[in-house]
Each structure stands twice: as C-alpha cells, then as structure tokens.
Amino acid sequence: MTPRARSLRPDLPTLSILVVCVSAVLPYLVTVRDYFVADDFGVVQILSQKPAWYFPRWFVGSWMENVFGVPPQEIRPFPAVSYQLTALTGSTSPTVHHLVNIFIHAVNGVLVLAIARQVAGLSPPAATAAAVLFVILPVHVESVAWITGRVDSLPALFYLASFLAYAQWRADGSHGRARYAISVVLFFAALFSKENTITMLATLVLYDGLVAGRGAARSWMTARAYLPYVPYVLLTVGFLLLRYTLFGDLVRESELQSGAFATFGDRIGRHVQRIVLGGIGSGGPMIWTALLIATGLLLGIWRKWVPLYFGPLWIIVGLIPTIAAGYESSRHLYLAAVGWVMLPGFAFQGLWTGERSAQTRVVAGALAVAAVAGYLVVLRTPLANLHTAAMISKAAATDLQREASAAVPGTLVIVGAPLRSWEWALPLVARPPFSSEDLTKRVFIVSPWLLHCCRTEWLDDTHRTLRAWSSQPVPRPIVVLHWDNVNGRLSRLTDTDYSDLRTAIPVLLEEHTVDYLDRLILRLTNELAPRPGKN
C-alpha cells in the first residue's frame with residue numbers, strides 16, 4: 001500500500017519573494033565596502049591564488065591547507081571555489097565577496113519562504129513573515145557581513161534547497177523524479193560545503209514520519225519504504241569514510257570536550273538565546289529552551305505535527321553538530337534558526353486565517369511589525385561592531401604599509417591591532433595581495449599570539465624574527481604600533497621616544513613560554529604605545 005503523499009501549495013507570490021529579498025539586502029548594503037577582517041586574510045590569500053583546475057583537489061584534502069599553521073580537518077570544495085570565483089574581479093577588493101554573501105543570504109530567505117509556504121503549509125502572509133524574520137535575525141550578522149561567514153550560509157543554501165526538492169518529490173510521487181535527483185545532487189554539494197549537513201538524513205526521516213503522511217506503522221514495514229534514503233545514506237557514509245581516511249576521525253570527535261554531551265542541554269539554551277535575542281541574555285538558558293519547546297508543543301497540538309517538526313525538532317537537529325564544533329559561535333546557528341522563525345509564522349497563521357475578526361488580524365499584523373522592527377533595532381549593533389572592525393582593519397593595513405615603506409630596512413615593527421579586526425591575520429595582511437609588496441622582507445614584524453595566523457608556530461617564529469633583527473651588524477630602529485579598538489586611531493612609539501624599548505628585546509628572547517611572551521608583547525602594544533600617542 002502506497003503511503004499518502006502530502007500535497008504542496010505550489011504558489012509563491014512574487015510580492016512575497018520581493019519583500020523577502022529586499023529585507024535580506026537592505027540591512028547589509030552598508031557592509032559592501034567593508035574591508036577584510038580576521039580569517040578573511042588567510043581565506044582570500046590562499047584561495048584567490050589557486051588555478052582554475054584546482055577544484056577537484058579540494059575533494060581529497062583540507063581546503064585551507066596549512067595557511068593557518070595546521071591544516072583544518074575540513075573538506076569544503078564548494079566554498080573554496082566560491083572564494084576563487086569572487087576573487088576574479090580583484091582579490092584585494094572585498095566588494096564582490098560581500099555582494100555574493102548578501103546574494104546567498106537572500107536566496108536562503110526565499111528558500112525559507114518556499115519551505116514555509118509549500119511544505120509547512122503557511123499562508124502567503126505567514127510564510128512571508130517567517131522568511132522576513134529569518135533574513136533579519138541579528139544572529140546571522142557574522143554569516144552575512146563577514147566574508148568568511150560564507151562557510152555557513154552556502155552549505156545552508158544547498159541544505160535547504162535539497163530538503164525543498166525532496167519535499168516536492170514526495171508530493172509529486174513518480175512524476176517528480178527529477179526533483180529527487182536534484183535533491184541528492186544538492187545534498188552532495190551541502191556535504192562538501194560543511195560537515196554539519198550530515199544531519200540531512202535525520203531531517204528527511206522525521207519529515208516523512210511527521211509531516212508527509214508516511215508515519216503509518218505499516219508503511220515502514222516494507223523494504224521499499226527505505227529505498228529513497230539509500231543515496232543519502234551512501235553519500236553520508238562515504239563522506240565520513242573519506243574524512244576518516246584523510247584526517248583520522250569521522251565527525252571531529254577529537255575536538256569533543258569532556259562532558260560535551262552532558263552539557264548539551266545548557267548549550268542548546270545558550271544557542272536558543274543567541275537565535276531569539278541576538279546574544280546571551282541574563283536569564284537562564286534553559287528557561288528559553290523550555291519556552292521554545294512548550295510553544296512548539298502547543299502549536300503541535302493545535303496543528304498536529306507540522307509545527308513541532310518545523311519548530312523545536314528542526315532547531316534540535318540543527319544544533320546537534322555544534323557538539324563537535326569545539327567552540328560556540330553564532331555562525332553555527334544559521335540552519336537551526338529556520339526552526340525558530342517558523343514558530344512565529346505558525347502563530348501568525350493562527351491569528352490571521354480562518355474565522356478571525358478584523359481586530360484579531362490587526363493584532364497579528366501589529367505583532368509581526370513589532371517583531372520585525374525589534375529585530376532591525378537589535379541588528380544595528382552587531383552590524384555596527386563588524387563595520388567598526390572592518391574600518392579599523394583597513395586603517396591598520398594602510399598604516400602598516402606606510403610605516404613599513406618609510407622605515408629603515410631591517411626595522412623591527414611590533415604590531416598591536418584590535419583582536420576583532422586582525423585575529424589570525426598577521427603576517428598575511430603584510431603580504432600580497434593585501435599589500436603591494438611582501439613587507440616581511442623589508443622589516444621584521446612581531447605581533448601578539450592571537451593576531452598570528454599560525455599559532456602553533458608563533459613562539460618559534462617570534463624568536464626567529466627577534467634574533468634576526470638583533471643579529472644585524474648595524475642596530476636598526478624599533479617601532480611599536482597600536483590602534484584604538486573604537487576609532488582606529490594609531491598610536492606610535494619608537495626607541496627614540498622611549499630608549500628603554502631596546503632593553504625589552506633581550507627579555508623577549510629569554511622567554512620560552514607562549515603565555516608569558518605573549519603577555520610581554522601585549523604590554524608593549526597595549527600599555528607603552530598608546531601613552532606617548534604620536535601619530
């Protein structure tokens with residue numbers, strides 16, 4: 001007996017698509033000219049220099065190679081080729097990178113709209129409200145406004161499109177085989193964009209069981225019922241085996257911290273707060289989790305299983321991969337956030353449709369407008385913070401290039417830029433394509449540990465640089481540069497201004513522990529440099 005297929009609503013109003021795209025694009029237009037920050041320097045440098053034929057090699061190795069010192073255990077050919085393509089117009093310009101990020105985010109918004117309308121069965125106003133909320137969530141700022149954040153929005157695009165194609169195939173049955181094939185291909189692209197997409201199989205099985213009408217016990221008793229999952233199983237297993245062959249682990253289990261599973265409930269609470277509030281609030285994380293789950297359960301009772309699946313269950317499945325992330329980041333919540341915006345969509349649907357009074361619809365509309373306005377207000381802060389970091393990064397890059405070009409060859413330059421702007425960035429920012437020449441061949445550059453691109457090599461590299469400067473036959477100057485983390489104002493100190501600065505170098509060479517040497521360099525950049533304040 002063939003299980004009942006759940007018909008989809010095919011119409012997707014043009015006006016809804018336009019509203020979602022405008023909502024996705026407008027808030028982020030201010031980021032288009034923002035300069036590279038943090039990891040961007042390493043990502044853009046290595047990928048922009050790869051030849052066109054390099055794409056297949058990213059399927060059998062780390063996409064970042066050793067640009068950050070240790071090759072990350074990540075097979076990501078599709079994000080890699082996207083950076084390669086966006087660098088064609090000029091790797092030193094961040095504009096196209098930002099435009100591509102915004103475009104991907106807008107497409108994801110339309111996919112959320114399509115899933116809400118065609119799969120979850122929401123009305124056009126309710127589906128539009130859910131999709132608009134998704135694209136303006138403050139938790140997405142890093143994934144959209146930060147160039148490197150594409151590593152989360154791009155796999156989400158493939159994941160959502162694969163799920164939508166699968167749901168459309170379920171509705172069309174044998175007449176939609178092309179959509180099934182498209183879903184499988186898109187899942188392949190999702191897998192090779194980021195590891196968190198291995199949850200697709202769970203997403204599809206839960207969808208079939210709770211939403212698509214395939215939950216009758218007898219439908220699961222035949223082998224034929226499981227055949228659609230075979231390609232997804234084979235792709236997932238093959239991907240994990242490839243990871244094990246290349247890196248020696250399956251799902252980055254080597255990065256699982258002790259007790260990670262035991263604290264997963266608390267982590268869910270913190271993540272939910274990030275999604276719902278845009279950050280961690282003062283309330284207990286589990287309170288927000290309980291409220292979210294209770295809302296989903298109530299909606300599930302009201303509308304059977306659909307809101308339960310697209311709400312709490314989608315969030316939980318999306319958060320499971322964060323157990324192996326090793327650290328918490330708002331970028332990791334991009335996919336899970338779809339589950340949150342669906343809940344207001346269902347709530348709006350309940351107030352808007354059916355035998356509702358005009359007053360009830362006014363309330364529903366007012367609540368939707370208030371939610372959008374509230375998120376837009378909250379969105380301004382993280383956008384402004386990232387914009388400031390990019391502004392300081394650009395100013396620091398310009399200042400460093402000017403200082404190095406004007407300095408006596410062999411000068412020691414101790415660099416202290418704000419962490420938000422240049423974490424993992426040095427000495428990459430001092431080399432092409434970000435500077436016209438390799439400044440590390442003209443001057444000696446030293447930085448605190450967190451600013452260095454290759455932290456496992458930082459101690460040896462710092463000692464090697466200091467020894468090379470000290471061994472010059474003619475003593476060369478010392479310059480300490482520090483940029484204010486609010487306005488980017490440069491403070492400059494030289495050994496001429498502060499004669500004791502030269503005596504600090506032997507002290508640095510005598511220190512052989514990362515922590516203490518880092519503290520000494522931070523003291524030079526954060527305490528000594530700002531005080532004289534020469535600009």
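Side notes on the structure shown:
- Share antiparallel - DSSP beta bridges, the chain, percent rounded to 5: 40
- Taking amide H atoms as placed 1.01 Å from N in the peptide plane, the amide H of Val479 lies under 5 Å from those of Leu412, Val413, Ile414, each 5 or more residues away in sequence or on another chain.
- Computed accessible area, Met200, all protein chains, 1.4 angstrom probe, square angstrom: 0
- Per-residue SASA remark: Val70, around 80 Å² accessible (1.4 Å probe; ligands, DNA and RNA not included).
- Reciprocal mean inverse distance between Cα atoms of the range 368-498 - Kirkwood radius, Å: 16.1
- Sulfur and carbon atoms: percent of accessible area, the range 331-400 [1.4 Å]: 68
- In degrees, nearest ten, helix 337-352 long axis to first principal axis of the chain (Cα): 40
- Computed E for Val233/Leu12 - FRET, C-beta separation, R0 30 angstrom, nearest 0.05: 0.45
- Accessible area in the full protein assembly, largest first, 1.4 Å probe, for Leu160, Leu241: Leu241, Leu160
- Residue-normalised accessible area of the chain, given per residue in Å² at a 1.4 Å probe: 43
- Helix-only CD estimate at 222 nm, as mean residue ellipticity for the chain, using -39500 (n - 2.57) per DSSP H run (n ≥ 4): -17000 deg cm²/dmol
- The modelled label-to-label distance for the pair Glu510/Phe103, using points 7 Å beyond Cα in the direction of Cβ, is 5.8 nm.
- Share of pairwise Cα separations in the range 156-197, more than 12 Å, in percent: 51
- Largest to smallest in accessible area, the residues Cys453, Cys21 fall in the order Cys21, Cys453 (1.4 Å probe, all protein chains included).
- Given [x] 32.0, 98; [y] 28.2, 95; [z] 26.0, 89, the label whose value is Rg and Dmax of the Cα atoms in Å derived from this model: [z]
- Working from label points 7 Å from Cα in the Cα-to-Cβ sense, the Asp266 to Phe59 distance is 4.3 nm.
- Rounded to 10°, Cα long-axis angle of helix 264-277 versus longest principal axis of the chain: 90
- The range 430-439 - phi-based ³J(HN,Hα) in whole Hz, Karplus 6.51/-1.76/1.60, Gly and Pro as x: 8, 10, x, x, 7, 10, 5, 9, 6, 5
- In a fully extended conformation the segment linking Thr222 and Thr95 would gain 40.4 nm over its present Cα-Cα distance, using 0.36 nm per residue.
- With Cα atoms, 0 to 90° folded angle of helix 200-210 axis to the chain main axis: 20
- Across the chain, Cα pairs under 8 Å and at least six residues apart give a relative contact order of 16 percent.
- In the range 396-535, Cα pairs under 8 Å separated by at least six residues give a relative contact order of 28 percent.
- Couplings for the range 483-498, taken from phi via the Karplus curve 6.51 cos²θ - 1.76 cosθ + 1.60 with θ = phi - 60°, read 10, 5, 7, 10, 10, x, 5, 7, 10, 10, 9, 10, 5, 6, 6, 9 Hz in order; Gly and Pro are left as x.
- For the range 39-113, the carbon plus sulfur part of the accessible surface works out to 67%, probe radius 1.4 Å.
The values are calculated or read from the model by the stated rules, or taken from the named source; none is laboratory data. For clarity, every value in this text was computed on a predicted model and none was experimentally measured. Because the Cβ atoms are built from the backbone with ideal geometry, glycine has one as well, and the counts that use them run over all protein chains shown. Surface accessibility is based on the protein's heavy atoms, side chains included, excluding ligands, DNA and RNA. Shrake-Rupley method; radii C 1.70, N 1.55, O 1.52, S 1.80 Å.
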